[in-house]
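A.B. asks: Sharing a structure here in structure tokens format.
Where a number appears in this text, it was derived from the coordinates with a stated rule and is not lab data. These figures come from a predicted structure and were not determined experimentally. All Cβ positions, even for glycine, are placed from backbone atoms using ideal geometry, and neighbour counts span all protein chains on display.
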Amino acid sequence: MKILNISHSLLPIIMSTDCTFIRIDKNNKNILQKFLSTAGNSLITFRYFDKRNLNVLENHICTLILLENEHPVGYGHLDKENDIVWLGIAISESALGKGYGNKMLKKLLDTAIEFNLENINLSVDFDNTKAIHLYKKHGFVLQKTKNKTHFFQKKITQ
């Protein structure tokens, strides 16, 4: 994996063999806007931006976009809200089933270790069985269910 700089924005790119992760901030949120406009039905279960504008990125510990052939197909963040760190992931409808959710989750967990975070939390619709399976596979533990939403937590070990 290499870290390169984008010449026009000088933001780090993290490359692997079949995809590229770009760190997003206020200077390149147009890439996030492109993802949101092309994600399709995936945004039905990922409602993070329904009630938030893109300025929320300023509160994020980390915001990533996953590119496939220079097209944004995945989004992930670690968002600190008070004393709780929330993880969010969305993969565009056209890229589902390619393992990108797994790659994004691994990248965010690595980032959590880098930042010495103790716990990561997430919420997921109770009927989103593929996402629930992914989270459990990576050690997230169900904490509670409320209004058809499961709340999971993972303790981060260094």
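A.B. asks: For region 123-132, take each phi angle, set θ = phi - 60°, evaluate the Karplus expression 6.51 cos²θ - 1.76 cosθ + 1.60, and give the result in whole Hz per residue in order, putting x for glycine and proline.
C.D. replies: Each residue's phi maps through the Karplus curve to give 10, 8, 4, 4, 9, 8, 5, 5, 5, 4 Hz.
A.B. asks: Per the helix-only calculation at 222 nm, which mean residue ellipticity applies to the chain, given -39500 (n - 2.57) for every DSSP H run of n ≥ 4 and division by its residues, nearest 500 deg cm²/dmol?
C.D. replies: Numbers: 3 runs with 34 residues, N = 158.
Roughly -6500 deg cm²/dmol at 222 nm, from the helical runs in the chain.
A.B. asks: Would you kindly derive the ³J(HN,Hα) couplings of region 24-30 from the backbone phi angles with the Karplus curve 6.51 cos²θ - 1.76 cosθ + 1.60 (θ = phi - 60°), listing them in order in whole Hz, with x for Gly and Pro?
C.D. replies: In residue order, the calculated couplings are 9, 9, 4, 7, 9, 5, 4 Hz.
A.B. asks: Moving to a separate point now. Put +1 on the Cβ of every Lys and Arg and -1 on every Asp and Glu Cβ in the chain; which of ALA112, HIS150, GLY74 then has its Cα farthest towards the positive end of the dipole?
C.D. replies: So the residue we want is HIS150.
A.B. asks: Of the peptides 106-112, 77-83, how do they stack up when ordered by the mean number of other Cβ atoms within 10 Å, highest first? Mind dumping the intermediate values first?
C.D. replies: Values: 106-112: 18.0, 77-83: 14.0.
Per-residue Cβ counts within 10 Å, averaged per peptide and sorted highest first, yield 106-112, 77-83.
A.B. asks: Here is a further query. About the Cα centre of the chain, what is the dipole size in debye to 20, counting +1 per Lys and Arg Cβ and -1 per Asp and Glu Cβ, all else neutral?
C.D. replies: On the way: 21 positive and 15 negative charges, 65 e Å.
Once rounded to the nearest 20, the dipole reads 320 debye.
A.B. asks: Okay, next question. Would you work out the charge dipole size for region 113-155 about its Cα centre, treating the Cβ of every Lys and Arg as +1 and the Cβ of every Asp and Glu as -1, and quote it to the nearest 20 debye? Walk me through the numbers before you get to the answer.
C.D. replies: On the way: 8 positive and 4 negative charges, 38 e Å.
So the dipole magnitude of region 113-155 works out to roughly 180 debye.
A.B. asks: What is the packing order of peptides 145-157, 115-127, taking the mean over residues of other C-beta atoms within 10 Å and listing the highest first? List each step's numbers first, then the result.
C.D. replies: On the way: 145-157: 13.2, 115-127: 15.3.
With the highest mean Cβ count within 10 Å placed first, the list reads 115-127, 145-157.
A.B. asks: What ranking do 21-27, 50-56, 99-105 get when scored by the average of other Cβ atoms within 10 Å per residue, highest first?
C.D. replies: On the way: 21-27: 16.9, 50-56: 10.4, 99-105: 19.1.
Those peptides, ordered most packed to least, come out 99-105, 21-27, 50-56.
A.B. asks: Still on this structure, I have one more. Considering amide H positions built from the backbone, and no H for Pro or chain starts, which residues 5 or more places from LYS80, or on another chain, come under 5 Å of its amide H?
C.D. replies: Under 5 Å from the amide H of LYS80 lie the amide H atoms of ILE61, TRP86, each far enough along the sequence or on another chain.
A.B. asks: Could you give me the ³J(HN,Hα) list for region 55-63, computed from phi with Karplus coefficients 6.51, -1.76, 1.60 and θ = phi - 60°, whole Hz, x at Gly and Pro?
C.D. replies: 5, 4, 4, 5, 8, 6, 6, 7, 10
A.B. asks: Would you calculate the volume per residue, in Å³, of the smallest convex hull containing every Cα atom of region 5-155?
C.D. replies: Details: hull volume 17.8 nm³, N = 151.
Here the figure is 118 Å³ per residue.
A.B. asks: Pick out, from ILE24, GLY97, VAL56, the residue whose Cα sits farthest towards the positive end of the charge dipole of the chain, with +1 on the Cβ of Lys and Arg and -1 on the Cβ of Asp and Glu.
C.D. replies: Checking the options against the dipole of the chain, the answer is GLY97.
A.B. asks: With charges only on Cβ, +1 for K and R and -1 for D and E, what is the dipole size of region 83-139 about its Cα centre, in debye, rounded to 20?
C.D. replies: 360 debye
A.B. asks: While we're here: Report relative contact order for the chain in percent, whole number only (criteria: Cα-Cα under 8 Å, sequence separation at least 6). Display every interim value, and only then the final one.
C.D. replies: Numbers: 263 pairs, mean separation 25.3, N = 158.
About 16 percent, as a whole number.
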